[in-house]
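> Mind looking over this structure? Questions follow.
The values are calculated or read from the model by the stated rules, or taken from the named source; none is laboratory data. Small disclaimer: the values here were computed from a predicted structure and weren't measured. Methodologically, a virtual Cβ is constructed for each residue, glycine included, from the backbone with ideal geometry; neighbour enumeration extends over all protein chains shown.
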Amino acid sequence: MMNSYTPKNLPIKDLKWDLFVHLIGKANAEIARFDGLLQTIPNPSVLLSPLTTNEAVLSSRIEGTQATLKEVLEFEANPQKETKKYEDIQEVINYRRALKAAIDEMEKFSLSTRVIKKAHMILLLQGVRGENRDRGNFRRQQVFIGKPGASIEQATYIPPTAEKINDLISNLEKYIHSDDKDLLVQLAIIHAQFEMIHPFLDGNGRVGRMLMPLFLYFKKAISYPSFYLSEYLESHRDEYYKTLLDISQNDNWVNWISFFLRVVVEQSKENIAKAKKIISLYEQKKQRITDLTKSQFSIKILDALFVMPIFQSQDFIRLSKIPKASAFRYIGILEKNGVISSNKKRKNKLYSFNKLLDIVK
């Protein structure tokens, strides 16, 4: 039987920087471009809200959930409706809440073990797989990673024993607060180290991916914590797992760091393209909604559509804080003029802002 693996303390000694140095400049340039764009957005929490939900969908999908962005948004607009994917959808919603809670906690307590545990606690809230798996606490028993139904003898990876977790996480936290030669290489190391420590019984992959935007924001590399990588990681899942495993099996950090820097370059281009389209859509619709409604509330109307692109009328009233009679009138105007569409039902009528959904998914 293979033994449990104990990651080495950070920082990594004798890392062969020359083997991936050619990727460092490119990856940093892309992050800088993304942040340049972020700084032009007056209200990133509104405009990038759909991208955050999509990140929650894709990061959860890496762990095997099947819910789509549309299914999650439809469920949030109509939670009474029965769905076979209730658990999957709930995991995605929890992911988004956990990320938000971690950001809030980080503003008060820096990026610390406390923040990581808080994110984990919310991630595994009621109604999801793993809700009984010691939420918010590091594991107290040995676990292993392998195919479903495999025994520990057939494990592909056995993380460190439970009694080593506190020391390893404490070392990781010190490393997070230190400055290595390059920020993105440091982030690659942090993510891999967290996954190898595997501190929780469940949810390690998702918490480890949340650490990425949190770390970049903590280090002030981005002005809002919305740089997401799960889209690329989900579509290259085999390579993602293989290069991570290569560290514990062959001490091959170079392969993992090179892969990670390529992910940053590729996904950054995608993130920038989507963010630009969203900003442009916002500007177009600001003009259109102002022209159509002639209302002092046009920005509130627009923001509500971006925060909740699939909604019922009461969601719209709650989010926009527009008086009820006016809100109904504006929804009617928007639907009549093709800004939003609906499913035509009388009861639980759902409206969709499809132009935005088409960009995000």
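> Checking Glu270 against (1) free of Cβ contacts under 8 Å to residues at least 40 places away in the same chain; (2) more than 22 Å from Thr53 (Cβ to Cβ); (3) surrounded by fewer than 19 Cβ atoms within 10 Å (Cβ to Cβ), which single condition isn't satisfied?
(2)
> Please specify each residue of the stretch 147-168 satisfying the condition of being assigned to a loop (DSSP other than H, G, I, E, B) and at negative phi. Even if it seems obvious, please write down each step before you answer.
Start the filter on the stretch 147-168 by keeping residues that are assigned to a loop (DSSP other than H, G, I, E, B), which leaves 147-151, 155-156, 158-161.
Result: Lys147, Pro148, Ala150, Ser151, Ala155, Thr156, Ile158, Pro159, Pro160, Thr161.
> So is Glu234 surrounded by fewer than 22 Cβ atoms within 10 Å (Cβ to Cβ) and within 18 Å of the chain's Cα centre (by Cα) or not?
Numbers: surrounded by fewer than 22 Cβ atoms within 10 Å (Cβ to Cβ): yes; within 18 Å of the chain's Cα centre (by Cα): yes.
Yes: the conditions hold for Glu234.
> Give all pairs with beta carbons closer than 7 Å in which a residue from the stretch 331-342 that is touching a residue at least 24 places away in the same chain (Cβ under 8 Å) meets a residue that is basic (Lys, Arg); count only pairs at least 6 apart in sequence or on separate chains.
These pairs meet every condition: Val339/Lys285; Val339/Arg288.
> Taking Gln154 as meeting all but one of (1) more than 22 Å from the chain's Cα centre (by Cα); (2) touching a residue at least 60 places away in the same chain (Cβ under 8 Å); (3) farther than 10 Å from Leu10 by Cβ, write down the number of the exception.
Gln154 satisfies every listed condition except (2).
> I need the full set of residues from the stretch 169-220 which are surrounded by 18 or more Cβ atoms within 10 Å (Cβ to Cβ) and assigned to a loop (DSSP other than H, G, I, E, B), in order please.
Those that are surrounded by 18 or more Cβ atoms within 10 Å (Cβ to Cβ) and assigned to a loop (DSSP other than H, G, I, E, B): Asp182, His198, Pro199, Phe200, Leu201, Asp202, Gly203.
> Residues in the stretch 46-55: is at least one over 12 Å from the mean Cα position of the chain (by Cα) and either modelled with pLDDT under 95 or closer than 24 Å to Lys286 by Cβ (or both)? Outline the logic, then answer.
Let us first name the residues in the stretch 46-55 that are over 12 Å from the mean Cα position of the chain (by Cα), namely 46-47.
Imposing the further condition that a residue be either modelled with pLDDT under 95 or closer than 24 Å to Lys286 by Cβ (or both) reduces the set to 46-47.
Yes; the residues of the stretch 46-55 include at least one that is over 12 Å from the mean Cα position of the chain (by Cα) and either modelled with pLDDT under 95 or closer than 24 Å to Lys286 by Cβ (or both).
> Further, regarding this structure: Give the stretch 312-329 a look and list any residue that's within 26 Å of Ile279 (Cβ to Cβ) and free of Cβ contacts under 8 Å to residues at least 40 places away in the same chain, or say none. Break it down into steps so the answer makes sense when it comes.
Keep residues of the stretch 312-329 that are within 26 Å of Ile279 (Cβ to Cβ), which gives 315-316, 318-322, 327.
Phe316, Arg318, Leu319, Ser320, Lys321, Ile322, Ala327 - these are the residues of the stretch 312-329 that are within 26 Å of Ile279 (Cβ to Cβ) and free of Cβ contacts under 8 Å to residues at least 40 places away in the same chain.
> Exactly one condition in (1) in the same structural domain as Lys81 (by TED's automatic domain parsing); (2) crowded, with 17+ Cβ neighbours inside 10 Å; (3) in contact with an Asp or Glu (Cβ under 6 Å, 6 or more places away or on another chain) is false for Met308; which is it?
Unmet for Met308, out of (1) in the same structural domain as Lys81 (by TED's automatic domain parsing); (2) crowded, with 17+ Cβ neighbours inside 10 Å; (3) in contact with an Asp or Glu (Cβ under 6 Å, 6 or more places away or on another chain): (1).
> In the stretch 30-50, is there at least one residue being aromatic (Phe, Trp, Tyr) and within 17 Å of Leu124 (Cα to Cα)?
no
> Which pairs do you get when a residue that is at pLDDT 95 or above, found in the stretch 236-256, comes within reach of a residue that is among the small types (Gly, Ala, Ser), reach meaning Cβ atoms under 7 angstrom, with the pair 6+ apart or on two chains?
From the stretch 236-256, the pairs are Leu244/Ala192; Ile247/Ala192; Trp256/Ala188; Trp256/Ala192.
> Have a look at Lys269, Lys286 and point out the one that is in the same structural domain as Val307 (by TED's automatic domain parsing) and either closer than 23 Å to Gly338 by Cα or modelled with pLDDT of 95 or more (or both).
Working: Lys269 fails: in the same structural domain as Val307 (by TED's automatic domain parsing).
Result: Lys286 is the single residue among Lys269, Lys286 that is in the same structural domain as Val307 (by TED's automatic domain parsing) and either closer than 23 Å to Gly338 by Cα or modelled with pLDDT of 95 or more (or both).
> For the stretch 273-295, give me each residue that is crowded, with 17+ Cβ neighbours inside 10 Å and polar (S, T, N, Q).
Across the stretch 273-295, the qualifying residue is only Thr293.
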